[in-house]
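Visitor: Below is a structure I'd like to ask you about.
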């Protein structure tokens with residue numbers, strides 16, 4: 001079972017040591033499995049992040065650059081791989097995949113949305129952004145859904161000050177959230193499965209993705225005064241002066257994207273507003289965690305708990321007030337550090353372990369293939385995490401984590417006009433070790449270098465500091481070597497000889 005909770009920060013787990021957030025059901029899974037404390041998404045936002053998660057390929061190879069970029073049909077993915085192993089992978093939620101237009105007729109409605117279904121999945125319950133399936137379910141329960149989505153996520157009976165972020169709940173209850181809806185649909189489906197028949201489910205929950213609102217009691221579960229200090233400069237103006245891309249990103253963020261009842265720019269929210277939003281976000285995590293508890297109960301009731309592999313993760317994380325920002329993207333850790341818990345009942349000797357080594361979203365596909373008895377093709381960029389599940393720690397494991405972010409806009413060209421560069425230059429790549437972090441931009445934008453030991457908040461760019469020029473060169477070379485090693489290996493690992501093909505050939509997924 002693969003479970004994704006959209007936009008969940010990796011530090012927001014009580015089992016990971018968060019001082020405020022309580023996640024008893026995720027913690028219970030970690031107690032029987034392995035918690036990977038330094039797990040990172042490989043791209044952002046949703047479609048690029050999920051392309052890496054589902055294919056096991058970095059963005060440089062799957063080439064899904066933004067929401068709406070088609071995923072090349074030649075790439076394999078976790079659903080197709082599972083199908084090849086005898087499973088019928090079944091989806092509850094969404095996968096945010098733009099389908100390859102070369103395989104569709106020009107008038108196909110699927111060309112009008114980035115919310116397509118990853119090839120290989122059987123859809124049991126789709127829940128895209130319009131949320132119509134959930135809304136119709138609410139309507140049957142007597143809820144007024146005439147506002148539609150996202151306006152149904154506005155607070156009701158709001159008696160707060162004008163313009164301030166409200167704790168008021170939405171019109172629906174704790175038992176009627178999109179997460180509760182999908183959990184019920186999964187439970188019903190699980191009850192239909194034949195005894196001892198193999199099954200593969202992907203639960204793709206939208207929470208704690210915005211809009212940031214949650215029913216009682218979760219809306220007031222956390223005190224906004226509680227929580228770590230935000231990583232940020234003294235003001236958003238000072239923050240924006242630190243790098244041209246950051247100035248652009250901060251200037252683009254609108255409050256309405258995160259709260260349907262709000263207007264203005266995100267950076268205009270007060271510190272109190274950010275803290276209230278963070279408390280609501282924590283509440284959304286607890287609401288998801290409660291539904292995870294229902295999932296565990298359903299699997300146990302079906303008699304499948306001791307036979308089910310569970311992977312719990314996210315696609316990307318959430319800035320949540322750091323650097324005066326919300327959402328995801330850019331280069332900060334807050335956007336990419338995500339949870340990962342893996343429980344395989346066959347590997348009980350590692351139960352309760354936590355791993356401090358760097359792991360990446362591209363590791364999920366080879367890990368699941370390894371655990372399901374399949375073979376991960378050598379052209380994949382990820383590496384199986386199975387050794388950690390057996391209580392081991394590979395000696396040659398990576399000592400750095402990488403991610404990419406592409407900020408092109410093919411349809412509108414906002415970033416291209418703003419920076420005076422072309423679409424192919426609107427990108428950055430990151431290499432992060434335990435102590436240092438280097439960010440390389442295309443298009444002539446300046447690089448960034450942070451000393452994470454002395455500056456964990458990533459506030460002091462050392463890229464031009466004379467004492468760090470050697471370090472900057474070293475990390476630029478390391479990033480170049482990483483890209484050279486991982487460029488598309490689909491056919492590069494094969495050679496035609498007088499005896500035929502030698503090596504590995506990645507077959508097209510459609511074959």
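The values are calculated or read from the model by the stated rules, or taken from the named source; none is laboratory data. Here the structure is a predicted model, which is why all the values come from computation and not from measurement. Here the Cβ is made from the backbone with ideal geometry for all residues, glycine too, and neighbour counts use every protein chain on show.
Visitor: Are any of the residues in segment 350-361 surrounded by fewer than 24 Cβ atoms within 10 Å (Cβ to Cβ), in the same structural domain as residue 43 (by TED's automatic domain parsing) and assigned to a helix (DSSP H, G or I)?
Guide: Yes, segment 350-361 has at least one match.
Visitor: Any residue in segment 470-479 that is closer than 19 Å to residue 62 by Cα, outside the structural domain of residue 251 (by TED's automatic domain parsing) and assigned to a helix (DSSP H, G or I)? Quick ask: steps written out before the conclusion?
Guide: Of the residues in segment 470-479, the ones closer than 19 Å to residue 62 by Cα are 479.
Pick out the ones that are also outside the structural domain of residue 251 (by TED's automatic domain parsing) and you get 479.
Cutting the leftovers down to assigned to a helix (DSSP H, G or I) gives us 479.
Yes, there is a match, as at least one residue in segment 470-479 is closer than 19 Å to residue 62 by Cα, outside the structural domain of residue 251 (by TED's automatic domain parsing) and assigned to a helix (DSSP H, G or I).
Visitor: Is it fair to say residue 288 is touching a strand residue (DSSP E or B) at 6+ places or on another chain (Cβ under 7 Å), crowded, with 23+ Cβ neighbours inside 10 Å, assigned to a helix (DSSP H, G or I) and modelled with pLDDT of 95 or more?
Guide: yes
Visitor: Of the residues that sit in segment 29-48 and are more than 13 Å from the chain's Cα centre (by Cα) and outside any helix (DSSP H, G or I), which one is surrounded by the fewest Cβ atoms within 10 Å (Cβ to Cβ)? Please lay out each step first, then the result.
Guide: Of all residues in segment 29-48, those more than 13 Å from the chain's Cα centre (by Cα) come to 29-38.
This time we only want the ones that are outside any helix (DSSP H, G or I), so: 33-38.
Details: 33: 25, 34: 23, 35: 24, 36: 27, 37: 19, 38: 17.
Filtering segment 29-48 for residues that are more than 13 Å from the chain's Cα centre (by Cα) and outside any helix (DSSP H, G or I), the one surrounded by the fewest Cβ atoms within 10 Å (Cβ to Cβ) comes out as 38.
Visitor: Please pick out the residue among 301, 216, 240 that is assigned by TED's automatic domain parsing to the domain that holds residue 157, more than 23 Å from the chain's Cα centre (by Cα) and under 28 Å from residue 78 (Cα atoms).
Guide: The unique qualifying residue is 301.
Visitor: Here are some residues: 51, 26. Which one is part of a helix (DSSP H, G or I), within 20 Å of residue 209 (Cβ to Cβ) and without any contact (Cβ under 8 Å) to a residue 60 or more places away in the chain?
Guide: That would be 51, the only listed residue that is part of a helix (DSSP H, G or I), within 20 Å of residue 209 (Cβ to Cβ) and without any contact (Cβ under 8 Å) to a residue 60 or more places away in the chain.
Visitor: Looking at residue 381, is it assigned by TED's automatic domain parsing to the domain that holds residue 338 and either surrounded by 16 or more Cβ atoms within 10 Å (Cβ to Cβ) or farther than 20 Å from residue 362 by Cβ (or both)?
Guide: Judged against the criteria, residue 381 is a match.
Visitor: Another question about this same structure. Would segment 406-415 turn up any residue that is within 23 Å of residue 52 (Cα to Cα), touching a strand residue (DSSP E or B) at 6+ places or on another chain (Cβ under 8 Å) and not in a strand (DSSP E or B)?
Guide: The answer is yes; a qualifying residue exists.
Visitor: Which of (1) within 27 Å of the chain's Cα centre (by Cα); (2) in contact (Cβ under 8 Å) with a residue 12 or more places away in the chain; (3) under 20 Å from residue 245 (Cβ atoms) is the odd one out, the single condition residue 456 does not satisfy?
Guide: (3)
Visitor: Being assigned to a helix (DSSP H, G or I) and surrounded by fewer than 21 Cβ atoms within 10 Å (Cβ to Cβ) is the filter here; which residues of segment 253-275 pass it?
Guide: Filtering segment 253-275 for residues assigned to a helix (DSSP H, G or I) gives 255-257, 266-268, 271-275.
Selection gives 256, 257, 267, 268, 271, 272, 273, 275.
Visitor: Another question, if that's okay. Among the residues of segment 459-469 satisfying the criterion of being assigned to a loop (DSSP other than H, G, I, E, B) and without any contact (Cβ under 8 Å) to a residue 40 or more places away in the chain, which is nearest to the chain's Cα centre (by Cα)?
Guide: Step by step, filter segment 459-469, then rank; the result is 460.
Visitor: Can you tell me which residue in segment 96-128 is farthest from residue 509 (Cα to Cα), limited to those that are free of Cβ contacts under 8 Å to residues at least 24 places away in the same chain and either outside the structural domain of residue 205 (by TED's automatic domain parsing) or surrounded by 12 or more Cβ atoms within 10 Å (Cβ to Cβ) (or both)? Even if it seems obvious, please write down each step before you answer.
Guide: Here is the first cut: in segment 96-128, the residues free of Cβ contacts under 8 Å to residues at least 24 places away in the same chain are 104-113, 115-116.
Next cut, either outside the structural domain of residue 205 (by TED's automatic domain parsing) or surrounded by 12 or more Cβ atoms within 10 Å (Cβ to Cβ) (or both) only: 104, 110-111, 113, 115-116.
Working: 104: 16, 110: 19, 111: 20, 113: 22, 115: 20, 116: 17 Å.
By that ranking, first place goes to 113.
Visitor: Here is a further query. On the phi > 0 side of the Ramachandran plot and either free of Cβ contacts under 8 Å to residues at least 60 places away in the same chain or over 20 Å from the mean Cα position of the chain (by Cα) (or both) - does that describe any residue in segment 311-330? First the steps, then the outcome.
Guide: Quick first cut of segment 311-330, residues on the phi > 0 side of the Ramachandran plot only: 320-321, 323-324, 327, 329-330.
Next, only the ones that are either free of Cβ contacts under 8 Å to residues at least 60 places away in the same chain or over 20 Å from the mean Cα position of the chain (by Cα) (or both) stay: 324.
Among the residues of segment 311-330, at least one is on the phi > 0 side of the Ramachandran plot and either free of Cβ contacts under 8 Å to residues at least 60 places away in the same chain or over 20 Å from the mean Cα position of the chain (by Cα) (or both), which makes the answer yes.
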